[in-house]
Amino acid sequence: MEFQQLIKDGLALVSRVRQEISFIRGCNYKQASLDILHTASFNLASAEDLLNYADELALKQNDAAGEKVLIASDAIKNVQSMLSRKFDVELDCESQPWFDDVSRHIGICA
């Protein structure tokens, strides 16, 4: 798998998780729930920024690109875990292959 495809797939995962957050936000109106969703959205936006930055670094042949993808991967997992714990949301099983690809192509367990 090409590095740019890995980033593209990561951005697609961010989009799917963002849709989950929007759905949950529409169902939960308590302030505590909204605060958790705001934190999840902020962390997800940071992961998206890291993936975009990794793409820029990869185009410049910078080795730090892989590190940025790993950090983004960890942030996405944390958001999914937070949603699962707080809202009983099932984790997106379709996202696991992306985490596996990150591990396989970057060489560190994602």
Relative contact order of the chain (C-alpha contacts under 8 Å, at least 6 apart) in percent is 30 percent
The helix 96-106 Cα axis meets the longest alpha-carbon principal axis of the chain at an angle in degrees, between 0 and 90 and rounded to 10, of 30 degrees
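Provide the FRET efficiency to the nearest 0.05 for the residue 34-residue 71 pair, computing r from the beta carbons and using R0 = 25 Å. Intermediate values should be presented prior to the final figure.
Working: r = 26 Å, r/R0 = 1.05.
So, using R0 = 25 Å, E works out to roughly 0.45.
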Residue span residue 85 to residue 22: 0.36 nm per residue of separation minus Cα-Cα distance leaves a gain in nm of 21.0 nm
So the angle from the long Cα axis of helix 31-59 to the longest Cα principal axis of the chain, reported in degrees to the nearest 10, equals 10 degrees
Taking the square root of 5λ for each eigenvalue of the C-alpha gyration tensor of the chain, the equivalent ellipsoid has semi-axes, largest first and in whole angstrom, of 27, 14, 10
The chain accessible area per residue, 1.4 Å probe, protein heavy atoms, integer Å², reads 60 Å²
In whole Hz, the Karplus estimates of ³J(HN,Hα) for the stretch 76-89 (6.51, -1.76, 1.60; θ = phi - 60°; x where Gly or Pro) are 5, 4, 5, 5, 4, 5, 4, 5, 5, 5, 7, 10, 6, 7
Length gained if residue 104 through residue 78 is fully extended, taking 0.36 nm per residue and subtracting the Cα-Cα distance, is 7.4 nm
Along the dipole axis of the chain (charges at Cβ: +1 for Lys and Arg, -1 for Asp and Glu; origin at the Cα centre), the most positive-end residue among 13, 89, 71 is 89
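Treat every Asp and Glu Cβ in the chain as -1 and every Lys and Arg Cβ as +1, leave all other atoms uncharged, and give the resulting dipole magnitude about the Cα centre to the nearest 20 debye. Each step should come with its number before you reach the end.
Numbers: 11 positive and 17 negative charges, 77 e Å.
That gives a dipole near 360 debye.
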With only helices counted (DSSP H, runs n ≥ 4, each -39500 (n - 2.57)), the per-residue ellipticity at 222 nm for the chain, to the nearest 500, works out to -28500 deg cm²/dmol
The base-10 log of I(q)/I(0) that the Debye equation returns for the stretch 1-44 at q = 0.25, 0.28 Å⁻¹, one scatterer per C-alpha, is -0.82, -0.93
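The values are calculated or read from the model by the stated rules, or taken from the named source; none is laboratory data. Computed from a predicted structure; not experimentally measured. Positions of Cβ are generated from backbone atoms using ideal geometry, with glycine treated the same way; all protein chains shown enter the neighbour counts. Each accessible area value is taken on the protein alone, full model and side chains, heavy atoms only, with ligands, DNA and RNA left out. Shrake-Rupley method; radii C 1.70, N 1.55, O 1.52, S 1.80 Å.
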